[in-house]
Each structure stands twice: as C-alpha cells, then as structure tokens.
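Structure record follows, encoded as structure tokens.
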Protein chains: 2
Amino acid sequence: MKRYRNGQIWGFEPAESGREVILGLDGGTTSTVCICMPVISMSDPLPDPLPVLARAVAGCSNHNSVGENAARETLEHVMADALSKSGSTRSAVRAVCLAVSGVNHPTDQQRILNWLRDMFPENVRLYVRNDAVAALASGTMGKLHGCVLIAGTGTIAYGFTEDGREARAAGAGPILGDWGSGYGIAAQALSAVIRAYDGRGPDTVLTTNILRTLHLSSPDELIGWTYADPSWARIAALVPVVVSCAEAGDEVANKILQDSVQELALSVKAVVQRLGLCGEEANDSFPLVMVGGVLEANKRWDIGREVVKCISREFPGAIPIRPKVEPAVGAALLAWNSFMNER
Amino acid sequence: MKRYRNGQIWGFEPAESGREVILGLDGGTTSTVCICMPVISMSDPLPDPLPVLARAVAGCSNHNSVGENAARETLEHVMADALSKSGSTRSAVRAVCLAVSGVNHPTDQQRILNWLRDMFPENVRLYVRNDAVAALASGTMGKLHGCVLIAGTGTIAYGFTEDGREARAAGAGPILGDWGSGYGIAAQALSAVIRAYDGRGPDTVLTTNILRTLHLSSPDELIGWTYADPSWARIAALVPVVVSCAEAGDEVANKILQDSVQELALSVKAVVQRLGLCGEEANDSFPLVMVGGVLEANKRWDIGREVVKCISREFPGAIPIRPKVEPAVGAALLAWNSFMNER
C-alpha cells in the first residue's frame, strides 16, 4: 500500500487546486493513453473540441502480455503523468475509467479494480472495462448504446442496450476463430502463397507481392519468417499488400477480403440479434461504431464500407459512425457520464 | 572439435570390434530415437524382425525449438548411447541418416551436416533429411518411392519418384495453412464452441464435451485456457473429443472432420500430381504411407480410411501402407540402402 500512496511516482503532487477531474484510459497491447478532463456540466451535444486538460502516453498495459506488476506500474505512471501535465492531484480525481484489452472475465475486472483501489482515495469512482467499450463510447460520445466493431490486428464486436445489457462476439484471437481480423486476413494470404507453391491452391499475385515486401526469394522461406516471430501485429502488417492485390483483380486476394467482410459482419449481427438492438421489426436505429485500421476508408477496396453494406441489408437502422476522438477520450466520457449520473 | 572427438560423451568407446554398423535417427519435437543396425547383406523382402542391435531415446532435437547447441548435444548423446548399447564404437559406423523435423530448406540441411561432420571420421556417409522422409522409409522398408502422409499434431505430405525427384505439401504449421492436422481439427473445434457461445455459429455438443475435458465451466474461460499455453500439442490433444462428438452425430464435429479429410487428401494429391507418381493414365501404383495419431484406424469415424477413399477415387493405384516399424528404423534402412548402393 505504502508504495502506491507515498511512492516516487506521485512525488510531483502540489497542494490541492480545487478543480475536480476525471481520468479516461485506453490500454491496448501496443500503448496506453490517459486523458484528463475537468468535471463540468456540458451541453448536449457536447462541445467541440472537448475540454481536455492533458493527454499522456505509455507502453503496453495488457496484463496478459506484460504481467500484472508491469501493467500496474505502466497504468500508475501514465495517470500520474496526465495529472501532472494538467496541474492536478490525485485528490482532485472524482472518477477513473480504465478500458483495457485482456478483460474477458469478471475475475479479470475485479483484480484490476483492486489495483486501482490501492492508488486512489476511497471516494473515487472506478470503472474497469474491456477496451472495446471505450471504442464504442468514442463514437457515441460516452453513451453506452449501440454496437462497436473493432478490426485492427484483432477483432471484436461489443454492444450495449440502453437499459444496460451487454454482449460481445469474437475478440478471442485467431486460434478461437477471429478470422475477420487483420491478422486473419494476412495469415490467410500467407497460407494462399504456400498452397499455390506446393500445388494445393490456385496461383496468385500475392506470392510475388508478399515475397517482395518481406525481402524473401522463395515461398519456403516464409516458414522460417513466420516462426522467427509469430507476433500477430507483424503478420497483420501485410493487410495493405492483400488489399492492393485485390484492387489489382487477384481472385485469391478478393476471396480473402470478401470472407473477412462476412466474418466481421457476422460478429456485429450476432451482437445486434442477441441484444435486440434492431427492435422486433429489425429496423430500429442504433449506432454502429467502426474502429481500426482494417475498417479505414482510404482504399478503393473499402472493407469497412462493405461490412456496413452487409449489416444494413439485415438491419437498415444501423447508423455507421467513425469516431472523431480517440478511445481514451471515450473512456473519459464514460467516467464523466457515470459520475454525473451517480452523484 | 576436441570437445566432439575426445569429449566425455564418447568416453565409453572400447577397442574396435570389427563389426560395421549404421545409425538411423528420427528427431521430432517431443523425442529423438536412434537405431543401430549391422551392415550386412539382407534378403529381399527384408528379414522380419530386422537385425536391430540397439535403440536409444532422448528429448527434442528440433533446432528451431531448443536451439542449435541443445539439439547437437541431444543428437550426440543419443548416438553415443545407441553405440554403447550395441557394443560398437564410432569407428565402426559406416553411415548415419538423421531425419529431423525443422529441415525445410537446403541451408538447414547443410548446417546440420556440418555438425555431424565434426562428430564422425571423414569416411562415414552422412544423410540429413526432413523427418517425413524417415516416415516414408518406415513404410517402404528403406526405398524412397511413393508418398507419405503424416497427420499428428502437425501434418505434411512428402513424396519421391524412383528417379529421385521429390516434392512436399503442407508441413508449414497452421498459420501457413496446415488445417488438416490434429492441431487444425482441435483449433476449429474450439472456434466452433466460441462461435456457438457468442451467436456466430450453430449449437454443438463439442461445447459440453470440451469444457468437461478441460475442467472449465464456461466457453469464455477458453480464452484464458488457450493463451495460458498455446502449444500445438496441448490443443491437438482434443482430437479424440472431436471424433467422439462426430461419432455421436454432432453436425459441427462431423463437418470439421470431413474438412480435415479433404485437406489431408489434397496434400497427397498435390504431391502425387507434381511428381506424376500415378503415371500418365493416373492409375500407376505407388506406396501411400500413412503415419500419425490422426490417421490411426481405431475409431468408428476413421479419418485415415476416409482420406484413403478420397485419394483412391482419383488415383486408384495408391497402395495404403501403415508402417510396422518406427521412423528411426526407416532412417536406418535409408542409410543402409544408400551405403549398400554407393560402396
């Protein structure tokens, strides 16, 4: 306890300034972002830009990836940094929303709540969520309603009804069937190259394009390349090659992207159906927040647009939203909303 | 050099006995087996049982898994052990065939040949092969002709023509498309459980059966289970559960096994076609050696039998063989054959 209450991390803290603040954190596998916002009454719609006091960035805080101690330390540092930049102290904090990847089970949530509890005075409201929830809130400006689809290296769909029920689909990694993700797309492209090479599949321009990108001279060198470092992000980085091959008319690459669209749309449909977000007639409107590199609309072969088309055929009330703020701001808005409603 | 020529490992060596011997090694990811056979003229067909002088077993010798130094030491120990048990010395060795997993490229082969060269006098003939080649030889009693299909945790098809051309398919791991393997079957079953749970797929009795086997209470606990230790063998160990669910009539499990049969047959067909093993009329006969837990004929839902059926429809000349000796004996027979032909 002492280590957290009086340790060096919080050594900067000045005397109380009187201004109440909120912290929102987005903890992913590559970085952690912390946003500090003031507790003030805001208009509806919210002001643009939002009153953000400070933003701090640190490394990975997924406890599955770096272990609990490192994750705790990273979170504590990034919060201390954001408070210091905003000229605030821990005693000014009224609520913290920590949205972090790797929260898949109530036991994960409770363990992380316990760490946070050690860092703050007892009256601070604490919320721990899967990082997908912050992404949803970044599109709905803090309202937990609708469905978010994230497709970057991994993929997950996560939804909430207005009365607080929630559901998710995918988000379990490729071993457990997340085939629409960036990793899934790239792994299928690598498979297609091997299959063409050993006679199990059709020829594809993915072969020359992927080998050129990786500076390899033969498909059998892909085995060594893959096992040298099978990290998901390294493999997912090949998605742009697959997209450009599909745009050039390659059938194998097109099939991979079409399958990915079906998979991503299926995750959203499963969540929408379980929660009844579309209403009984399947045409109620609901926000559909789209996040992640795979869904970015910067290509002729636009995966995100195709996913929306596919979902809209079944649920015409889906309102696609591409967030203008980052997920950490979504987390801060969630904390702010909850605090304003509960106090 | 000194370490290998005069080191403790070879300290047992007695005076020359005069009997010439051959070593055959099968180095897999779980264990390494070394067989010592005498160099004698043998009848055709070969005597049954074969004249095996000694058998020794050690741990993993896949250099990709344990690193080069550990792999070298394991190989040296297991050969010393087999020679010691047979009352022979290194100077009695005429040929060594080392068939080891992880040999995917000529550079792998050359590097391992260099280690072996350090361990034996210059006149010893040395052969380094992918472990699939020893499995083929275990079915053909040392003749490099035909196609072997291995399906255990992983899968590979490997073939040779009588004039020495060779080809392989799969054997690149699941990221690169080996979906017919034991790992592939089990990973698809785990996916099916998650997909049924989150509403993306049909219900399946795989759910209750897999959760019971793993002592878990809910499908969302599979995420933690998988990432606690994503080793292929641990996941592939679920294959019997999938087979029993398929036998009980579960459609999802049946579909997974049928897909696996298609994938495994496709690997063999690709090799047979590239090598022209079936002749121009597609009905020449050739040995089809079947190896590995997934292909064992001990179930009502017999994956191996279905694979053979599928291959025979296209290539009626395929002669299925289930080896009676282990791959290390195949490696020893390969070394013996090469030595007898070349001396």
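The values are calculated or read from the model by the stated rules, or taken from the named source; none is laboratory data. It should be emphasised that the depicted structure is a prediction, and the values quoted were computed from it without experimental measurement. Cβ sites come from the backbone with ideal geometry, for glycine too, and all protein chains shown count toward neighbours.
Listed conditions (1) surrounded by 23 or more Cβ atoms within 10 Å (Cβ to Cβ); (2) in a helix (DSSP H, G or I); (3) not hydroxyl-bearing (Ser, Thr, Tyr) are all met by residue B:274, apart from (1). With the condition kept exactly as written, say whether any residue in segment A:275-288 is of a type outside the set (A, V, I, L, M, F, W, C) and touching an Asp or Glu at 6+ places or on another chain (Cβ under 9 Å). Yes, that holds for at least one residue. If you go through segment B:217-235 and keep only what is hydroxyl-bearing (Ser, Thr, Tyr) and not in a helix (DSSP H, G or I), you end up with B:217, B:218, B:231. If we scan segment A:239-249, do we find a residue that is within 25 Å of residue A:152 (Cβ to Cβ), of a type outside the set (Lys, Arg) and within 14 Å of chain B (Cβ to nearest Cβ)? Looking through segment A:239-249, none of the residues is within 25 Å of residue A:152 (Cβ to Cβ), of a type outside the set (Lys, Arg) and within 14 Å of chain B (Cβ to nearest Cβ).
When you check residue A:300 against the structure, is it in a helix (DSSP H, G or I) and of a type in the set (D, E, K, R), yes or no? Considered against the rule, which asks whether it is in a helix (DSSP H, G or I) and of a type in the set (D, E, K, R), residue A:300 comes out as no. The residues of segment A:193-228 that are under 30 Å from the mean Cα position of the chain (by Cα), of a type in the set (A, V, I, L, M) and within 15 Å of residue A:256 (Cβ to Cβ), listed by number, are A:193, A:206, A:210. Remark: pairs (first residue in segment A:96-115, within 11 Å of chain B (Cβ to nearest Cβ) and on the phi < 0 side of the Ramachandran plot; second residue part of a helix (DSSP H, G or I) and buried (at least 22 other Cβ atoms within 10 Å of the Cβ); Cβ separation under 8 Å; 6+ apart in sequence or on different chains) = A:103/A:112; A:103/A:131; A:108/A:63. Can you tell me which residue is surrounded by the most Cβ atoms within 10 Å (Cβ to Cβ) among those in segment A:125-157 that are of a type in the set (Ser, Thr, Tyr) and within 13 Å of the chain's Cα centre (by Cα)? If we take residues in segment A:125-157 being of a type in the set (Ser, Thr, Tyr) and within 13 Å of the chain's Cα centre (by Cα), then A:155 is surrounded by the most Cβ atoms within 10 Å (Cβ to Cβ).
Considering only residues in segment A:303-325 that are of a type in the set (A, V, I, L, M, F, W, C) and assigned to a strand (DSSP E or B), the one that is surrounded by the fewest Cβ atoms within 10 Å (Cβ to Cβ) turns out to be A:319. Set side by side, the residues B:211, B:264 differ, and just one is within 14 Å of chain A (Cβ to nearest Cβ), under 30 Å from residue A:196 (Cα atoms) and at pLDDT 95 or above, which is B:264.
Only one of the numbered conditions (1) within 17 Å of residue A:159 (Cβ to Cβ); (2) touching a strand residue (DSSP E or B) at 6+ places or on another chain (Cβ under 7 Å); (3) not acidic (Asp, Glu) is violated by residue A:338, and that is (1).
Only one of the listed residues (B:259, B:203, B:284) is at pLDDT below 95 and away from chain A (no Cβ under 11 Å). That residue is B:284.
Note on segment A:116-216: enclosed strands (runs of 3 or more DSSP E) holding 3 or more residues that are touching a Gly at 6+ places or on another chain (Cβ under 7 Å) are A:146-151, A:155-160, A:166-170.
Among the residues of segment A:162-183, those identified as closer than 25 Å to residue A:273 by Cβ, under 17 Å from the mean Cα position of the chain (by Cα) and at the interface with another protein chain (Cβ under 10 Å from one of its Cβ atoms) are A:167, A:168, A:169, A:170, A:171, A:172, A:173, A:174, A:178, A:179. Scanning segment B:51-96 for residues that are over 21 Å from the mean Cα position of the chain (by Cα), crowded, with 16+ Cβ neighbours inside 10 Å and part of a loop (DSSP other than H, G, I, E, B) yields B:53, B:86, B:88, B:89.
Close contacts from segment A:54-71, counting a first residue that is more than 25 Å from residue A:22 (Cβ to Cβ) and a second that is modelled with pLDDT under 90 and among the hydrophobic types (A, V, I, L, M, F, W, C), with Cβ to Cβ under 6 Å and a gap of 6+ residues or different chains, come to A:66/A:60.
Within segment A:184-195, the set of residues being within 9 Å of chain B (Cβ to nearest Cβ) and under 15 Å from residue A:230 (Cα atoms) comprises A:187, A:188, A:190, A:191.
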